[in-house]
Amino acid sequence: QVQLVESGGGLVQAGGSLRLSCAASRSIFSISYMNWYRQTPGKQRELVATVTNGGITDYVDSVKGRFTISRDTAKNTVYLQMNNLKPEDTAIYYCHARSLLENYWGQGTQVTVSS
């Protein structure tokens, strides 16, 4: 079992930055994929960014060049650095951990970007 706790959300003006953190209750070294998803009311949850345990990253096109995902295995924490935020980035952001036999979600953190 892994508990994931997100933090760092809040209200920011367009063009601003936020850094989300996802703290895991145990080592994430063996977890294949650490992901950030986001969801707005009435829409499906969207995969925003992924980092593998080998350090490979991938992003949805709408955030490429603005968001950076990273994982610190020493701190059991995954980060999402979000720069040049836009109103359309407003959502609840969820941390997700996935391996062959594991699948865990955090409770989410709200990000609101004002225009």
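The values are calculated or read from the model by the stated rules, or taken from the named source; none is laboratory data. Fair warning: this is a prediction, and the values are worked out from it, not measured in the lab. No Cβ is skipped: glycine too gets one built from the backbone with ideal geometry, and neighbour counts run over all protein chains shown.
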- Could you list, in sequence order, the residues of segment 68-79 that are part of a strand (DSSP E or B) and either surrounded by fewer than 16 Cβ atoms within 10 Å (Cβ to Cβ) or in contact (Cβ under 8 Å) with a residue 24 or more places away in the chain (or both)? Ile69, Ser70, Arg71, Asp72, Thr77, Val78, Tyr79
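One line per residue, one yes/no per condition, for (1) in contact (Cβ under 8 Å) with a residue 24 or more places away in the chain; (2) among the aromatic types (Phe, Trp, Tyr):
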{"site": "Gly16", "(1), (2)": "yes, no"}
{"site": "Arg19", "(1), (2)": "yes, no"}
{"site": "Val48", "(1), (2)": "yes, no"}
{"site": "Asp58", "(1), (2)": "no, no"}
{"site": "Val63", "(1), (2)": "yes, no"}
{"site": "Arg66", "(1), (2)": "no, no"}
{"site": "Met82", "(1), (2)": "yes, no"}
{"site": "Trp105", "(1), (2)": "yes, yes"}
{"site": "Thr112", "(1), (2)": "yes, no"}
- Item | Count - residues of segment 80-93 that are part of a strand (DSSP E or B) and surrounded by fewer than 21 Cβ atoms within 10 Å (Cβ to Cβ) | 2
- Message: Please determine whether any residue of segment 51-60 is of a type in the set (A, V, I, L, M, F, W, C), under 24 Å from Gln13 (Cα atoms) and either surrounded by 14 or more Cβ atoms within 10 Å (Cβ to Cβ) or at pLDDT 95 or above (or both).
- Response: yes
- Any residue at all in segment 32-44 that is surrounded by 15 or more Cβ atoms within 10 Å (Cβ to Cβ) and over 14 Å from the mean Cα position of the chain (by Cα)? no
